[in-house]
1. Run through the DSSP bridge list for the range 160-278 and note the antiparallel percent, rounded to the nearest 5.
2. Tell me whether the range 35-160 comes out rounded, prolate or oblate; compute the Cα gyration tensor, take square roots of the eigenvalues as a ≥ b ≥ c, and use a/c under 1.5 as the rounded threshold.
3. Between Phe107 and Asn4, what length comes free when the chain is fully extended (0.36 nm per residue of separation minus the Cα-Cα distance, one decimal in nm)?
4. Using a Gaussian network model of the chain whose springs link C-alpha atoms within less than 10 Å, name the residue from Asp85, Asp52, Asp170 with the highest mean-square fluctuation.
5. Cross-link list Lys222/Lys263; Lys89/Lys278; Lys61/Lys154; Lys50/Lys222; Lys157/Lys199: which exceed 25 angstrom alpha carbon to alpha carbon?
6. Once you have a ≥ b ≥ c as the square roots of the Cα gyration tensor eigenvalues for the range 201-259, tell me rounded if a/c is under 1.5, and otherwise prolate or oblate according to whether a/b is larger than b/c.
7. With a cap of 16 neighbouring Cβ atoms within 10 Å, and only residues DSSP puts in a loop, list the trypsin sites (Lys or Arg not before Pro) found in the range 1-105.
8. Taking 0.36 nm per residue of sequence separation and subtracting the Cα-Cα distance, how much length would be gained by fully extending the chain between Glu192 and Lys98, in nm to one decimal?
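Rule-based calculations on the coordinates, nothing more; no lab input. Everything quoted here is computed from the prediction, not taken from an experiment. Reconstructed Cβ throughout: ideal geometry from the backbone, glycine too, with neighbour counts over all protein chains shown.
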Amino acid sequence: MLDNLNLDHIAINVKENMDEAYKLFSELGFTLTPRGYHTLGSINHSMVFKNDYLELIGTPKGKPNMRPELKEAEIGINGLVFKSDNIKKTYQHLINMKLSNFPPRYFSRPVEINGIERHAKFETVSIKDNIFKAGRVYFCNHLTPDLVWIPEYKVHKNNASEIAEITVIDSNPSSILKKINKITGSVKIDKEENFITVKTDDVKLILCNEKYFKERYNYFGKQIKLRKEMFGSLTLRTSSMFFLRKINQINFPNILKFEDKNKIQILLREYNFILEFKKIK
């Protein structure tokens with residue numbers, strides 16, 4: 001088993017709508033990195049935090065076949081990515097557990113630093129598509145982490161500082177837990193009647209069915225286009241909600257906003273998930 005399970009990033013599939021996604025997330029107070037062009041054919045922007053990040057990923061307009069797995073996937077949260085510091089070891093473990101049949105792949109993208117072009121390099125290995133039906137789950141080894149976690153991009157107007165929770169909807173949450181236990185034995189587990197909380201070293205995975213998701217998010221839970229298996233919500237830690245409270249929903253026809261003393265929830269209709277901000281110490 002792997003010694004630990006640390007979140008690397010969450011991928012949000014925007015398909016060919018990268019310009020629109022960039023504008024929306026910028027207006028929500030995120031500092032986005034310049035557009036990246038992967039050697040795999042995809043394009044991206046990242047929202048970098050202390051130890052993890054959000055990634056908008058898609059394909060150039062008119063070229064959806066550049067990344068078939070993105071073209072075929074649903075729009076919205078589509079990638080749950082964990083860290084690996086030894087991709088060959090991770091791959092061998094996944095093979096032993098019959099969780100993968102894809103060999104590791106290597107790719108890169110150019111990054112300009114102080115006028116000099118360098119290349120951010122990555123190694124990834126994926127879990128088989130039919131294991132986690134909510135979306136892609138894979139491991140990433142950053143060969144050049146300094147070209148991803150660039151200090152100037154870690155500061156955001158909305159004060160988001162890290163990913164706290166991801167909600168995974170599945171008709172049988174216990175089956176997801178069994179698969180996670182095949183990957184690592186280092187997680188802490190809290191079982192409730194309608195959901196399971198899996199605590200890794202740095203993030204919570206909330207495993208639940210559609211019914212609990214609707215109850216947890218009330219009106220928003222009924223507005224989202226639910227599927228039996230999907231990533232339904234994403235919670236970020238923030239040190240201040242001042243900027244977020246000023247967001248006027250009138251200026252954002254494709255979102256719904258709810259706020260109380262401790263949290264702000266934003267339903268991103270176009271990307272079919274709930275983005276939640278909590279002031280968590």
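1. Values: 28 of 38 bridges.
Taking every DSSP beta bridge within the range 160-278, about 75 percent pair in antiparallel fashion.
2. Prolate shape, in that a/c is at least 1.5 and a/b is the bigger ratio.
3. 34.6 nm
4. Asp85
5. Distance filter (> 25 Å) returns Lys89/Lys278; Lys61/Lys154; Lys50/Lys222; Lys157/Lys199.
6. Details: a/c = 2.54, a/b = 1.30, b/c = 1.95.
Oblate.
7. Sparse-neighbourhood loop trypsin sites (Lys or Arg not before Pro): Arg35, Lys50, Lys61, Lys98.
8. 31.0 nm
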